[in-house]
């Protein structure tokens with residue numbers, strides 16, 4: 001098994017067997033993080049550049065730790081301390097960094113399509129760490145990995161994705177990822193935050209919270225941003241809390257062994273009751289743990305591609 | 001609870017499309033089919049000879065002025081006017097003070113109506129907070145507290161993005177949206193219909209396209225987003241055409257007009273009569289004809305009064321200064337019956353326009369029909385009775401009607417609300 005693409009930009013580019021390959025590889029790498037000495041020489045001599053145009057806690061530290069555990073040389077560029085503040089374009093930033101011969105870029109950007117754009121200007125591998133409202137493929141892989149650990153198989157699972165789907169890159173990647181593996185995906189949100197024209201096999205829009213949650217095997221809650229009220233997507237955070245929060249009562253309609261995920265950062269008691277997180281019955285921290293393994297796997301797989309093709 | 005038998009009336013039922021002389025039994029607040037053999041004792045008999053028995057009339061567009069402007073109208077005085085006009089249900093618009101954009105105001109209205117125990121009051125909440133057109137009201141909260149629709153009536157929602165998202169968001173709660181469709185800037189400082197009369201009087205005009213552009217925009221939003229929309233108080237031939245085409249193309253649009261738009265033209269303004277000033281304004285004779293035709297051909301779904309009380313002092317002013325709006329609860333049915341006598345529409349169509357369709361548009365379950373099992377909301381109309389509408393008959397606290405002194409044929413003589421008989425004298 002191998003992967004024959006230079007970049008990881010979108011889950012749409014992956015086949016079901018590609019996804020399984022990433023997860024299997026991540027399962028192997030997860031063992032490294034459980035060892036006493038959490039370091040392997042796999043990426044010795046490789047240079048990885050992390051460029052984050054948006055604030056990030058989880059994703060950024062997860063990538064950095066993955067790189068360190070694999071002995072890659074990495075550097076992280078915070079946009080606030082870079083030439084971007086002097087007006088340098090994304091293209092020029094990449095062309096300049098490219099001249100220093102890195103092997104991979106990890107890019108987080110507020111504009112959709114940014115990773116795709118960058119990939120055209122570099123021979124290095126590009127990993128999309130989130131582009132605008134479009135995709136967040138490594139988050140999708142770690143979500144699938146987390147569910148697989150609990151359910152063995154994705155096929156035929158009922159997966160409910162609830163919240164600001166329209167603005168969520170996590171939702172977009174998860175919708176493609178889980179449906180590709182044969183899950184039945186139910187989306188629910190106020191209609192103002194739902195994709196209007198969605199035409200993907202195994203994906204449907206639920207009529208209400210109950211239809212989305214009933215007997216669900218997996219529930220993925222999404223963050224709602226306060227500024228959505230300013231643009232009329234929702235009336236107010238208070239109303240959102242009243243009608244779209246995952247409460248323990250609602251969750252009790254799901255399957256007994258439901259896996260609850262949230263990509264973070266969590267607004268406790270807005271999209272999800274704090275008590276659900278406190279109960280320890282969510283897999284939110286398992287997601288974070290698996291994030292490191294998934295990112296190790298992604299780096300490994302893309303570097304293997306580079307080795308083969310250069 | 002009363003057991004009532006309505007005898008000898010012609011029962012007009014839109015659900016079954018039947019118009020036959022038959023008896024109606026009411027028991028436990030419900031219309032009951034009672035088998036022929038069964039004993040029928042203890043029923044209070046109501047003789048409906050010479051009368052039409054309609055499913056209870058619903059006025060889906062009423063301005064009660066409580067809270068905030070109780071000198072114009074209270075919930076009680078509005079309901080008394082509604083009873084006199086033959087209505088069993090009225091729906092009140094949110095432009096009170098405070099605006100009905102919360103469960104607090106909705107709860108206040110419902111509690112008050114419940115205590116009055118007169119007729120059914122259904123509340124319509126605001127689309128935007130404070131009717132300001134800048135952010136969405138808590139629409140889910142409004143629905144949960146009992147609102148049957150949302151509307152910013154009185155103001156158009158100027159921001160198309162807000163209107164579009166309101167349509168989408170309210171769909172989540174299956175809550176109808178009623179649009180006061182108008183381009184506010186085109187209306188500008190206009191007071192009456194822009195045309196020959198406004199020129200002659202030297203009064204700033206409201207162009208018909210101010211309404212039609214608004215109607216077009218809102219229909220386009222509904223069509224694009226694949227949602228329902230109800231257009232309030234249409235008044236022009238152009239609006240009729242736009243809605244007709246939209247319906248033909250499969251867009252889920254419904255609309256209402258008001259009795260004044262099919263009864264009066266802009267000529268009523270010739271002596272600067274402020275009781276003929278409302279928004280949208282009275283239009284041309286050609287528009288009046290188009291509205292009548294649209295009532296017949298089904299383009300228009302409902303007749304609503306847009307009952308808008310303003311005190312005599314407020315209306316006793318220049319056309320420029322007087323507020324927009326007229327009362328209509330007591331004249332809505334008689335003006336509509338005129339269309340029947342003039343052979344423009346049938347009694348069945350009246351039952352549809354004033355009961356069945358409003359119930360359907362607002363999803364008022366159990367209302368709008370006289371079939372077995374429906375809620376016992378009934379309006380009994382004596383169609384022989386001839387009478388004159390005088391100022392002293394007005395039950396509203398406000399008297400702003402252009403129809404004072406008019407002679408009518410046909411009047412409601414009793415209403416039954418949830419099985420409770422209210423006789424009208």
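Read-outs: derived from the displayed coordinates by stated rules, not from any lab. As the structure is a computational prediction, the values presented were derived from the model and not from experiment. Note: ideal-geometry Cβ built from the backbone for every residue, glycine included; neighbour counts use all protein chains shown.
Data overview
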item	result
Cα gyration tensor, the range A:215-310 - rounded (a/c under 1.5), prolate or oblate	oblate
Segment residue A:269-residue A:4, length gained on full extension (0.36 nm per residue, minus Cα span)	91.1 nm
FRET efficiency estimate (nearest 0.05) - Cβ-Cβ, residue A:278 to residue B:393, R0 60 angstrom	0.35
Beta bridges per DSSP with both ends in the range B:56-368, % antiparallel, nearest 5	5
Cα gyration tensor category, rounded, prolate or oblate, for the range B:56-368 with a/c compared to 1.5	rounded
Mean Cα-pair separation over length for chain B, i.e. relative contact order, pairs under 8 Å, 6 or more apart, %	21
Burial ordering of B:300, A:37, fewest other beta-carbon atoms within 10 Å first	A:37, B:300
Efficiency of FRET between residue A:238 and residue A:57 - r from beta-carbon atoms, R0 30 angstrom, step 0.05	0.70
Projected label distance in nm at residue B:134 and residue A:92, using a 7 Å step from Cα toward the beta-carbon	4.0
Computed lengthening from residue B:185 to residue B:158, 0.36 nm per intervening residue step minus Cα-Cα distance	8.8 nm
Square roots of 5 times each gyration tensor eigenvalue, C-alpha, the range A:175-256, largest first, Å	23, 17, 10
Highest average packing first - A:173-186, B:375-388, Cβ atoms within 10 Å	A:173-186, B:375-388
Relative pair counts by distance (%), Cα atoms of the range B:366-408, 10 Å bins	23, 29, 28, 20, 0
Principal axis box of the range A:1-75, alpha-carbon based, largest edge first, Å	33, 32, 24
CD proxy at 222 nm, helix term only [per DSSP H run n ≥ 4: -39500 (n - 2.57); per residue of chain A; nearest 500]	-11500 deg cm²/dmol
Two-site FRET efficiency, residue A:17 against residue B:220, from Cβ-Cβ distance with R₀ of 45 Å, rounded to 0.05	0.50
Extension reserve of the residue B:386-residue B:117 stretch, reckoned as 0.36 nm per residue once the Cα distance is removed	93.9 nm
Cα gyration tensor category, rounded, prolate or oblate, for chain A with a/c compared to 1.5	prolate
Beta bridge orientation in the protein assembly as shown: antiparallel %, DSSP, nearest 5	30
DSSP-defined beta bridges in chain A - what % are antiparallel, rounded to 5	5
Dmax and Rg, reported as Rg then Dmax, of the protein assembly as shown (C-alpha, Å)	32.5, 101
Residue-averaged 222 nm ellipticity for chain B, from DSSP H runs of 4+ at -39500 (n - 2.57), nearest 500	-8500 deg cm²/dmol
